[in-house]
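The structure appears below as structure tokens.
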Amino acid sequence: EWESQFDPAYSYHGGLLIGQQFLWNGYLAAGIEYQQFQIAHLNELRIIETIEIYDPRAYYTVDENGERQYVGDTVTVTNIRDEVERSANNYKMLHLPIHIGYRSNGKDWRYGIDFSALINLSFAYEGVFLRADGAVVEVDQNNQSDYFAEGIGASFSAALHLGRMVGDRTEIYLQPRFRLNRQSYLNEDAGLSIERNFAGLRAGLIYYLE
């Protein structure tokens with residue numbers, strides 16, 4: 001029920017790797033990677049508006065001649081409506097990725113498999129947070145540590161690799177990738193646990209130095 005109030009919006013990564021490919025076409029690489037993703041929080045609200053207006057013909061009386069005599073008075077009008085408040089929550093992270101894998105050395109097409117570990121270097125959150133008691137609070141760098149962990153440790157990723165050579169040393173590639181993270185983003189005092197796993201498609205460019 002807690003998780004149902006959050007709606008994934010987008011996620012993207014960007015980074016740079018440098019590595020060594022061995023004679024048997026295996027490789028080892030490391031670098032730096034930036035990640036940002038957004039989760040929308042959906043908060044159901046019931047809004048009650050009470051408005052007082054002056055109506056010069058609020059009610060009337062009938063005089064002895066049978067004619068209406070209108071009297072002005074203050075009238076209270078109540079409007080009730082339900083709304084869904086949507087707020088954006090941004091996660092920003094910096095990782096140290098370490099990759100090991102295999103790529104074929106075909107002249108035109110190349111295929112392979114990739115495994116990686118991403119060691120989290122920094123973690124930042126900005127948005128709203130739904131506490132275990134149901135209260136919604138604003139979170140930024142000033143109070144982030146009250147709810148979120150200082151870091152998310154290491155996560156692990158696996159991917160298939162499909163590449164196309166576009167020159168003697170340049171390859172463009174696609175990698176359908178799945179990433180598993182088993183450490184909660186929240187600190188132990190939050191009373192909740194969040195682990196985020198990702199599935200996506202990575203596109204990139206490889207330049208072979210030799």
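The values are calculated or read from the model by the stated rules, or taken from the named source; none is laboratory data. Nothing here was measured: the structure is a model prediction, and the numbers come from that model. Note that we place each Cβ from the backbone using ideal geometry, even for glycine, and neighbour counts take in every protein chain shown. For the accessible areas, the whole protein counts, side chains as well, though only heavy atoms, and no ligand, DNA or RNA atoms are used. Shrake-Rupley method; radii C 1.70, N 1.55, O 1.52, S 1.80 Å.
Please report the net charge: other residues with Cβ closer than 10 Å to the Cβ of Y208, K and R +1, D and E -1. If you can, show how the numbers build up before the last one.
Numbers: positive: R169; negative: D168, E171, E210.
After counting each charged neighbour, the total is -2.
Would you mind working out the magnitude of the charge dipole of region 1-131 relative to its Cα centre, with +1 at each Lys and Arg C-beta and -1 at each Asp and Glu C-beta, to the nearest 20 Debye?
Numbers: 10 positive and 18 negative charges, 283 e Å.
Around 1360 debye, computed over region 1-131.
Say R0 is 30 Å: what FRET efficiency, to the nearest 0.05, do S193 and I32 get from their beta-carbon distance? Walk me through the numbers before you get to the answer.
On the way: r = 28 Å, r/R0 = 0.94.
My answer for the efficiency is 0.60.
When Rg is the radius of gyration of the Cα atoms in region 87-210 and Rh is its Kirkwood radius, what does Rg/Rh come to?
Numbers: Rg = 18.9 Å, Rh = 16.8 Å.
Answer for region 87-210: 1.12.
Among 30-36, 141-147, what's the highest-first ranking by average C-beta atoms within 10 angstrom per residue?
Details: 30-36: 15.4, 141-147: 12.9.
Ranked from most to least packed, the peptides come out as 30-36, 141-147.
Just to be sure I understand the model, the point goes 7 Å from the Cα along the line to the Cβ. What's the resulting R86 to E126 distance in nm?
2.1
When only Cα pairs under 8 Å and 6 or more residues apart are kept, what is the percent relative contact order across region 41-155? The partial results should precede the final answer.
Values: 193 pairs, mean separation 24.1, N = 115.
Worked out over region 41-155, it gives 21 percent.
What is the spin-label model distance, in nm, from F178 to Y10 if the labels are put 7 Å beyond Cα along the C-beta direction?
The two pseudo-label positions are separated by 2.6 nm.
Compute, for region 94-210, the length of the dipole vector about the Cα centre, with Cβ point charges of +1 (Lys, Arg) and -1 (Asp, Glu) only. Units Debye, rounded to 20. Intermediate results must be reported in sequence, preceding the final value.
Values: 11 positive and 14 negative charges, 174 e Å.
Around 840 debye, computed over region 94-210.
Hey, any idea what % of the chain's accessible area is carbon plus sulfur with a 1.4 Å probe? Spell out each step's value before the answer.
On the way: 7230 of 13510 Å².
It is 53 percent, rounded to a whole number.
Sequence gap at least 6, Cα distance under 8 Å: using those rules, report the relative contact order of the chain to the nearest whole percent. Provide the component values of the computation, followed by the final result.
On the way: 480 pairs, mean separation 31.3, N = 210.
Reported relative contact order: 15 percent.
Given the Cα-Cα distance of Q141 and V75 and 0.36 nm per residue of separation, how much length would full extension add, in nm?
On the way: separation 66, 0.36 × 66 = 23.76 nm, distance 4.74 nm.
Here the segment from Q141 to V75 would lengthen by 19.0 nm.
Could you tell me the convex hull volume per residue, in Å³, taken over the Cα atoms of region 149-210?
96
At 25 °C and a viscosity of 0.890 mPa s, what translational diffusion coefficient does Stokes-Einstein give for the chain, taking Rh as the Kirkwood radius over Cα pairs? Give it in µm²/s as a whole number. Before the final figure, lay out each step's value.
Details: Rh = 21.8 Å.
Roughly 113 µm²/s, to the nearest whole number.
Based on the alpha carbon coordinates of region 124-167, what radius of gyration and maximum Cα-Cα distance (Dmax) apply, in Å?
Answer for region 124-167, Rg first and Dmax second: 18.8, 59 Å.
Name the shape class, rounded, prolate or oblate, that the alpha-carbon gyration tensor gives for region 53-159, where a ≥ b ≥ c are the square roots of its eigenvalues, rounded holds for a/c under 1.5, and otherwise prolate holds if a/b is larger than b/c and oblate otherwise.
Verdict is prolate for region 53-159.
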